[in-house]
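Novice: Take this structure, written in structure tokens, and hold onto it; I'll ask about it next.
Readers should treat all values here as calculations from the given coordinates under stated rules, not as data from a laboratory. These figures come from a predicted structure and were not determined experimentally. Don't worry about glycine lacking a Cβ; one is built from the backbone with ideal geometry, like all the others, and counts go over all protein chains shown.
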Amino acid sequence: MALDNYDLHNHSTRSDGLLSPTELLELAARTGVDAIALTDHDTTDGLEEAEGAAKRAGVRLIPGVEISVSWGDTTLHVVGLNVDPSAPALSKGLGSIRDGRIGRGEKIAAALEVLGITGTFDGAHALAENKSMLGRTHFARHLVEAGRVKNIQAAFDKYLAKGKPAYVAHRWAELADAVEWIRASGGVAVLAHPGRYNLKPMFRDEMLKDFRAAGGDAIEVVTGSHRPEQYAMWQRMALEHGFLASRGADYHGPGESSIEPGRLPALHESLTPVWSRWAH
Ligand code: AMP
Ligand code: MN
Ligand code: MN
Ligand code: MN
């Protein structure tokens, strides 16, 4: 029997995606997804719309969120799956980290202004449909539109990535808190795209241990945010550290994400999928 096509990491216009929750669910139906998680950054705003669209599209919706975490000087992302968005601990916690985004945006704009690039706060703000979720992706899109860089990647490489001149350090949630909010709302905590943090083996192992100690249950192995050659290594990490494995496109929208929901390779059969926790 073919495995169900689960895609457990995707964004909408409620954070930094380009498709509305409805458009995302319609796309998922076209690409053959059986169950999709909407995991917007630091907000569950889009889930209500997504639920209605899921019913119409005949796709199962897994309610999710992707929480920004500060682990030492490193920003980690923790995905919560099967969360209850009405749980007070989760909604309060997410509210507390969203609060800093406008102020951080002003600092990013000020740093760009020092480089002679003016008007980026208004430009990015106009592109953010959900103003409380103003993020670096909106700045990147604005810089592309303004002709300052040729594409999103270049905006990060030149200005917005850690270590670049318009990077503004920000304190997000504590790892233990983020996992606790997810679990208190009935969800499963998944470490997002662990290969993206570029950690040396010692720190990588420490991250996995801390995540486990905090109550984390799964790590993403096959994700649009890993290069295909990274899958084997994170598969090994999942098996060695006893984590369930997740799969998700980390889709942000047409023209920006090369991999559509449901189009990634399947998880290797040696792995226990995170959806074994709730499937059937
Ligand atoms: P923020 O939460 O505002 O710091 O924005 C983080 C988002 O920026 C991520 O979820 C990605 O969508 C995007 N991002 C971060 N780094 C890069 C990069 N190097 N290239 C493209 N997009 C990136
Ligand atoms: Mn994003
Ligand atoms: Mn992420
Ligand atoms: Mn993401």
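Novice: For a quick check of your reading of the model, give me the residue pairs whose first member lies in region 169-186 and is free of Cβ contacts under 8 Å to residues at least 60 places away in the same chain, whose second is assigned to a helix (DSSP H, G or I) and aliphatic (A, V, I, L, M), with beta-carbon atoms closer than 8 Å and at least 6 apart or on different chains.
Specialist: Ala176/Ala214
Novice: Does Ala50 count as under 28 Å from Gly93 (Cβ atoms), touching a strand residue (DSSP E or B) at 6+ places or on another chain (Cβ under 8 Å), away from ligand 1 (no atom under 16 Å from the Cβ) and in contact (Cβ under 8 Å) with a residue 60 or more places away in the chain?
Specialist: Values: under 28 Å from Gly93 (Cβ atoms): yes; touching a strand residue (DSSP E or B) at 6+ places or on another chain (Cβ under 8 Å): yes; away from ligand 1 (no atom under 16 Å from the Cβ): yes; in contact (Cβ under 8 Å) with a residue 60 or more places away in the chain: no.
Judged against the criteria, Ala50 is not a match.
Novice: Does region 239-246 contain any residue that is polar (S, T, N, Q) and touching a Gly at 6+ places or on another chain (Cβ under 6 Å)?
Specialist: Just the residues of region 239-246 that are polar (S, T, N, Q), to begin with: 246.
Filter once more, keeping what is touching a Gly at 6+ places or on another chain (Cβ under 6 Å): none.
Within region 239-246, none of the residues are polar (S, T, N, Q) and touching a Gly at 6+ places or on another chain (Cβ under 6 Å).
Novice: Does region 234-242 contain any residue that is within 16 Å of ligand 1 (Cβ to nearest atom), not in a strand (DSSP E or B) and not acidic (Asp, Glu)? Lay out the reasoning, then the answer.
Specialist: At the first step, the residues of region 234-242 found to be within 16 Å of ligand 1 (Cβ to nearest atom) are none.
No: region 234-242 contains no residue that is within 16 Å of ligand 1 (Cβ to nearest atom), not in a strand (DSSP E or B) and not acidic (Asp, Glu).
Novice: Looking only at region 72-93, count every residue that is under 22 Å from Tyr167 (Cα atoms) and crowded, with 23+ Cβ neighbours inside 10 Å and tell me the total.
Specialist: Of the residues in region 72-93, the ones under 22 Å from Tyr167 (Cα atoms) are 72-78.
Retained after the next criterion (residues that are crowded, with 23+ Cβ neighbours inside 10 Å): 76-78.
Counting residues in region 72-93 that are under 22 Å from Tyr167 (Cα atoms) and crowded, with 23+ Cβ neighbours inside 10 Å gives 3.
Novice: Sticking with this structure for a sec: Inside region 99-205, counting only helices (runs of 4 or more DSSP H) that do not spill past its ends, which hold 2 or more residues that are among the acidic types (Asp, Glu), more than 15 Å from ligand 2 (Cβ to nearest atom) and touching a Gly at 6+ places or on another chain (Cβ under 9 Å)?
Specialist: Here the list reads 175-184.
Novice: Here's something else I'd like to know. Can you find, within region 137-161, the residue that is farthest from ligand 4 (Cβ to nearest atom) among those that are touching a residue at least 40 places away in the same chain (Cβ under 8 Å) and of a type outside the set (A, V, I, L, M, F, W, C)?
Specialist: First, pick out the residues of region 137-161 that are touching a residue at least 40 places away in the same chain (Cβ under 8 Å): 137-138, 152, 159-160.
Still in the running and of a type outside the set (A, V, I, L, M, F, W, C): 137-138, 159.
Numbers: Thr137: 10, His138: 15, Tyr159: 20 Å.
So the residue we want is Tyr159.
Novice: Quick one: how many residues across region 43-82 are within 24 Å of Pro273 (Cα to Cα) and either within 16 Å of ligand 3 (Cβ to nearest atom) or among the hydroxyl-bearing types (Ser, Thr, Tyr) (or both)?
Specialist: 13
Novice: Can you run down the residue pairs with Cβ atoms below 6 Å, 6 or more apart or on separate chains, where the first is in region 97-111 and under 20 Å from Pro165 (Cβ atoms) and the partner is within 16 Å of ligand 2 (Cβ to nearest atom) and among the aromatic types (Phe, Trp, Tyr)?
Specialist: Final answer for the pair search is Ile108/Phe139.
Novice: Now a separate question. Counting only residues that are on the phi < 0 side of the Ramachandran plot and away from ligand 2 (no atom under 14 Å from the Cβ), how many does region 70-84 have? Even if it seems obvious, please write down each step before you answer.
Specialist: Kept after step one, since they are on the phi < 0 side of the Ramachandran plot, are these residues of region 70-84: 70-71, 73-81, 83-84.
Retained after the next criterion (residues that are away from ligand 2 (no atom under 14 Å from the Cβ)): 70-71, 73-74, 80-81, 83-84.
So the count comes out to 8.
Novice: Only one of Val65, Val33, Val59, Val114 is within 16 Å of ligand 1 (Cβ to nearest atom) and hydrophobic (A, V, I, L, M, F, W, C). Can you tell me which?
Specialist: Values: Val33 fails: within 16 Å of ligand 1 (Cβ to nearest atom); Val59 fails: within 16 Å of ligand 1 (Cβ to nearest atom); Val114 fails: within 16 Å of ligand 1 (Cβ to nearest atom).
That would be Val65, the only listed residue that is within 16 Å of ligand 1 (Cβ to nearest atom) and hydrophobic (A, V, I, L, M, F, W, C).
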